[in-house]
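Rule-based calculations on the coordinates, nothing more; no lab input. Given the structure is predicted, the values throughout are model-derived calculations rather than measurements. All Cβ positions, even for glycine, are placed from backbone atoms using ideal geometry, and neighbour counts span all protein chains on display.
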Amino acid sequence: TIAAHGRPCMDMGARRAHERAAVSAARAAIIGGFQGTSDLEAAKRYGIRCIGTAAHAFTLLHDTERDAFDSQVAKLGAGTTLLVDTYDIRQGVINAVEAARAAGGELGAVRLDSGDLVAQAFKVRGQLDAMGATSTKITVTSDLDEYAIAALGAAPVDSYGVGTKLVTGSGVPTAALVYKVVQREDSNGETVLVAKKAESKSTVGGRKVAGRVLGEDGYATEELLLVGTSFEEGQALLAERGARPLQVQLVRGGQIDADAWGSEALSRAQERHLRARNELPYQAWRLSEGEAAIPTRYEKVG
């Protein structure tokens, strides 16, 4: 969504994930700035805007492309999105616009799913405008990730449908996050910090409290991890160091905080994510693989 620069991104990855994982992925996508999902269960469960287009198979099941478009428009109205690249894109656009107008309206959008998306977007925009369909939008799909979306920045695209590389993790299909023991009590009841020292898999011992240090301009300068302190004490220490707390307590006294699962939890999480993202400095928005957005500093306390 950072790469999209305000253009809507839609989750279309449900077919690439386990059905329950797809629902969780859709929820995470909304928190991260997406504006809709093709997953019906996620839309129902979390009140997310439900979106989608027909598949190529839908067009192939009809005798002609125009028959397929007429059928979809008859059911969903002229404002629907028609997939125009099953056969020939130029003719597909003609068929799509004419099908919508035959139903008494202007076509909502066309979807491009193959080929050189940048070049195709310019050609289709010109064709639509020449036909007087200036309000018809263009959405693109086809194995998009943040880098492909960034490359489409100058193209006349109105929205992106992101699937496989959203829900599978793309080149890093697992987050490599695991639980590790970081401290224990010795025979005297004293806390001892423990850490793994294996090459390339070392850890940092001690319970950690995370904060973000902001500069005078309001942008983040570093993430601060306080090591070896309790959550409550850590909050006070972060305040002393001028750092904003990053963690939220979800379990209190062994009970899950009801606010974490309430009807407003998703919108609050989305707002929190947006606030945190807006604190990032300019260099953190550059798409450069392998570079940390902002530095992280450890400070041992206690």
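Less than 12 Å Cβ to Cβ from GLU232, Lys/Arg counted +1 and Asp/Glu -1: what total charge do the surrounding residues give?
Values: positive: ARG207, ARG252; negative: GLU233.
Once all neighbours under 12 Å are counted, the net charge is +1.
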**OP:** Compute the long axis of helix 231-240 from its Cα atoms, compare it with the longest principal axis of the Cα atoms of the chain, and write down the angle in degrees, 0 to 90, nearest 10.
**Re:** 90
Original post:
Cα convex hull of segment 183-300: how many Å³ per residue?
Top reply: 154
Original post:
What's the Cα-based Rg to Rh of the chain, Rh via Kirkwood?
Top reply: 1.08
**OP:** Only Cα pairs under 8 Å and at least 6 apart count here; give the relative contact order of the chain as a rounded whole percent.
**Re:** 15
**OP:** Under 22 Å Cα to Cα from LYS196, which lysines show up? Leave out anything in the same chain fewer than 8 places away.
**Re:** LYS180, LYS208, LYS300
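Give me the net charge of GLU222's neighbourhood, meaning all other residues with Cβ under 9 Å from the Cβ of GLU222; Lys, Arg count +1, Asp, Glu -1.
Surrounding charge for GLU222 is +1.
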Subject >> Cα-based helix-to-principal-axis angle, 65-76 vs the chain, degrees rounded to 10 >> reply: 60
Subject >> Nearest-ten-degree value, helix 19-31 long axis tilted from longest Cα axis of the chain >> reply: 80
Original post:
If you count, for each residue, the other Cβ atoms within 10 Å and average over each peptide, how do 254-261, 104-111 line up from highest to lowest?
Top reply: 104-111, 254-261
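Using the Cβ atoms and a cut-off under 15 Å, what net charge is assigned to the surroundings of GLY205, where Lys and Arg are +1 and Asp and Glu are -1?
Cβ neighbours under 15 Å give a net charge of +4.
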